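Working notes, structure below.
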Amino acid sequence: MRGFNKVILAGNLTRDPELRHTPNGNAVCSIGLAINRTWTQDGQKKEECVFVDCEAWGKTAENAAQYLRKGSGLLVEGRLTQNEFTNKQGQKVSKTRVAVESMTMLGGKQGAQPASRPAQAPAAPKTEEQPSDEDDVPF
């Protein structure tokens with residue numbers, strides 16, 4: 001039987017994305033995602049939060065680092081990967097992550113600005129000389 005490895009998750013970032021580069025110059029970004037779930041059981045509201053580590057590569061990694069911040073809403077599509085390593089105590093440990101293949105930025109925090117762009121000054125208030133486009137409703 002052929003396997004199928006596809007994950008679609010939507011949640012909020014638990015921390016700012018961490019961008020780094022491999023020795024070959026490839027961009028890789030670590031993203032922590034919190035996925036909340038609520039349901040009712042026996043008349044009581046229950047909540048659960050799952051924390052998932054994700055890893056984006058290339059241009060996707062650069063975009064994540066530039067535009068996302070802690071609390072940003074994000075939908076990711078990808079596949080599960082498992083890395084095995086030996087920890088400081090000499091024990092073999094495995095870590096499951098999502099290798100991000102595509103992402104869609106969701107609403108997120110109000111007023112969030114890309115890291116490389118300064119916040120824009122607020123628009124000047126309308127005066128008598130400026131035409132108002134409030135009356136130009138297309139419907």
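The values are calculated or read from the model by the stated rules, or taken from the named source; none is laboratory data. Every value quoted in this text rests on a predicted model; they were computed, and no experiment measured them. Ideal geometry is used to build each Cβ from the backbone, glycine not excepted, and the neighbour counts take in all protein chains shown.
Hey, among the residues in segment 71-95 that are in contact with an Asp or Glu (Cβ under 8 Å, 6 or more places away or on another chain) and polar (S, T, N, Q), which one's modelled with the highest pLDDT?
Thr81
With the structure loaded, tell me whether Asn24 is under 16 Å from Glu62 (Cα atoms) and not in a strand (DSSP E or B) or whether it fails that test. Spell out how you get there, then give the answer.
Details: under 16 Å from Glu62 (Cα atoms): yes; not in a strand (DSSP E or B): yes.
Considered against the rule, which asks whether it is under 16 Å from Glu62 (Cα atoms) and not in a strand (DSSP E or B), Asn24 comes out as yes.
Quick check: anything in segment 57-66 exposed (fewer than 14 other Cβ atoms within 10 Å of the Cβ) and more than 17 Å from Ala27 (Cβ to Cβ)?
Step one: list which residues in segment 57-66 are exposed (fewer than 14 other Cβ atoms within 10 Å of the Cβ), which gives 58-59.
Next, only the ones that are more than 17 Å from Ala27 (Cβ to Cβ) stay: none.
Looking for residues that are exposed (fewer than 14 other Cβ atoms within 10 Å of the Cβ) and more than 17 Å from Ala27 (Cβ to Cβ), one finds none in segment 57-66, hence no.
Looking only at residues that are in contact (Cβ under 8 Å) with a residue 40 or more places away in the chain, of a type outside the set (Ser, Thr, Tyr) and in a helix (DSSP H, G or I) in segment 30-62, which one is farthest from Thr14 (Cα to Cα)? Working first, answer last.
Here is the first cut: in segment 30-62, the ones in contact (Cβ under 8 Å) with a residue 40 or more places away in the chain are 31, 33, 52-57, 60-62.
Narrowing the set further to residues that are of a type outside the set (Ser, Thr, Tyr) leaves 31, 33, 52-57, 61-62.
Checking the rest, the ones that are also in a helix (DSSP H, G or I) come to 61-62.
Details: Ala61: 16, Glu62: 18 Å.
The selected residue is Glu62.
Within segment 35-42, does at least one residue satisfy the condition of being of a type in the set (Ser, Thr, Tyr), at pLDDT 90 or above, over 30 Å from Gly3 (Cα atoms) and out of contact with any helix residue (DSSP H, G or I) (no Cβ under 9 Å at 6 or more places or on another chain)? Explain how you work it out, then say what you get.
Pass one, segment 35-42, residues of a type in the set (Ser, Thr, Tyr): 38, 40.
Now restrict to residues that are at pLDDT 90 or above: 38, 40.
So of that shortlist, the ones also over 30 Å from Gly3 (Cα atoms) come out as 38, 40.
Pick out the ones that are also out of contact with any helix residue (DSSP H, G or I) (no Cβ under 9 Å at 6 or more places or on another chain) and you get 38, 40.
Taking every residue of segment 35-42 in turn, at least one turns out to be of a type in the set (Ser, Thr, Tyr), at pLDDT 90 or above, over 30 Å from Gly3 (Cα atoms) and out of contact with any helix residue (DSSP H, G or I) (no Cβ under 9 Å at 6 or more places or on another chain).
Given the conditions (1) under 19 Å from Leu106 (Cα atoms); (2) in contact with a Leu (Cβ under 8 Å, 6 or more places away or on another chain); (3) surrounded by fewer than 13 Cβ atoms within 10 Å (Cβ to Cβ), report the number of the one that Asn5 does not fulfil.
The single condition Asn5 does not satisfy is (1).
Within segment 122-136, is there a residue that is at pLDDT below 50, closer than 19 Å to Gly11 by Cα and exposed (fewer than 11 other Cβ atoms within 10 Å of the Cβ)?
No, segment 122-136 contains no residue that is at pLDDT below 50, closer than 19 Å to Gly11 by Cα and exposed (fewer than 11 other Cβ atoms within 10 Å of the Cβ).
Can you spot a residue in segment 33-51 that is within 14 Å of Met103 (Cα to Cα) and surrounded by 11 or more Cβ atoms within 10 Å (Cβ to Cβ)?
We begin by selecting, within segment 33-51, every residue within 14 Å of Met103 (Cα to Cα); these are 33.
Adding the requirement that they be surrounded by 11 or more Cβ atoms within 10 Å (Cβ to Cβ) leaves 33.
Yes; the residues of segment 33-51 include at least one that is within 14 Å of Met103 (Cα to Cα) and surrounded by 11 or more Cβ atoms within 10 Å (Cβ to Cβ).
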